[in-house]
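Peer 1: Got a structure for you, written out below as structure tokens; questions coming shortly.
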Amino acid sequence: MISEPSRYYAVELHALPSRIGQVRRIVSAHLRHWHLDALIDHAALGVTELLTNVHRHAQPDKRCTVEIELLLDRLTVSVRDHDPRIPKAGTLHGADIDGDVDGVGDGLEALEALATCGRGLAIIGAVSESWGVRPCGADGKVVWFTLVAPAPPVPVEVCRVAVRDVLPASSFPRYDRFPGVPLSIPADPLSGDPLTVPAADPTRAPAVAL
């Protein structure tokens, strides 16, 4: 069962050199917004390589769709074009298992230089968790690769509990209302029954001086 929502972004374009740079920056911005800064270099490299292949080899046109999707702990980057021919990965001489290439320096710019000289798919295979091609019949193909997303930090749950003083209705029995008895007549504090107040004797009423 999927407990985490997926994140998805797609953009359609013509794979021209100016557009390739724009899409690379757009993908980088989305990954930064998704807090996946650690994947930006490899994802940007992969998008550059796949779009460069479309620009150089795809027929009959250069139209394509770039998709990025984060599902659980996997980021999938794919490019779909309208050329049904399946690309082949070249060999990557001088690269170790981590995708570092001898003699070309470090960083994204050095890797992008290799992406345009026929070894880009081999670099993608070295820096990604997996990659592949999905044929779409006469409509073209999808070339994709995946990267492992870093685990998100464990959120700290803050519990807010509101405590209110709730007093029962009979907390003060001497002020309870009784049927037919005005509130001015006090109640017995133990039983809650109204106290009997003797009536005043008019014959003993004090005289009032006029």
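The values are calculated or read from the model by the stated rules, or taken from the named source; none is laboratory data. Quantities reported herein were computed from a predicted structural model and do not represent experimental measurements. Here the Cβ positions follow ideal geometry from the backbone for every residue, glycine too, while neighbour counts run over all protein chains shown. SASA here: full protein model, heavy atoms, side chains in, ligands and nucleic acids out. Shrake-Rupley method; radii C 1.70, N 1.55, O 1.52, S 1.80 Å.
Peer 1: Six or more apart or on different chains, Cβ atoms under 7 Å: show the pairs whose first residue is in segment 5-30 and under 28 Å from Leu72 (Cβ atoms) and of a type in the set (D, E, K, R) and whose second is open to solvent by less than 80 Å² (accessible area, probe 1.4 Å) and assigned to a helix (DSSP H, G or I).
Peer 2: Here the result reads Arg24/Ala44; Arg24/Val47; Arg24/Thr48, each pair linking segment 5-30 to a residue that is open to solvent by less than 80 Å² (accessible area, probe 1.4 Å) and assigned to a helix (DSSP H, G or I).
Peer 1: Within segment 140-176, how many residues turn out to be at pLDDT 90 or above and either aromatic (Phe, Trp, Tyr) or open to solvent by 70 Å² or more (accessible area, probe 1.4 Å) (or both)?
Peer 2: Residues in segment 140-176 being at pLDDT 90 or above and either aromatic (Phe, Trp, Tyr) or open to solvent by 70 Å² or more (accessible area, probe 1.4 Å) (or both): 3 in total.
Peer 1: Which condition from (1) of a type in the set (A, V, I, L, M, F, W, C); (2) in contact with a Leu (Cβ under 7 Å, 6 or more places away or on another chain); (3) under 19 Å from Val148 (Cα atoms) is the one that Val27 breaks?
Peer 2: (2)
Peer 1: Somewhere in segment 55-72, is a residue of a type in the set (Val, Ile, Thr), more than 22 Å from the chain's Cα centre (by Cα), at pLDDT 85 or above and surrounded by 14 or more Cβ atoms within 10 Å (Cβ to Cβ)?
Peer 2: yes
Peer 1: May I pose another question? Any residue at all in segment 34-49 that's open to solvent by 50 Å² or more (accessible area, probe 1.4 Å), farther than 24 Å from Ala122 by Cβ and of a type in the set (A, V, I, L, M, F, W, C)?
Peer 2: no
Peer 1: Just need a number here: residues in segment 43-56 that are farther than 12 Å from Ile68 by Cβ and touching a helix residue (DSSP H, G or I) at 6+ places or on another chain (Cβ under 8 Å).
Peer 2: Here the count works out to 7.
Peer 1: Condition test on Ala110, is it farther than 24 Å from Gly137 by Cβ, at pLDDT 95 or above and out of contact with any Leu (no Cβ under 7 Å at 6 or more places or on another chain)?
Peer 2: no
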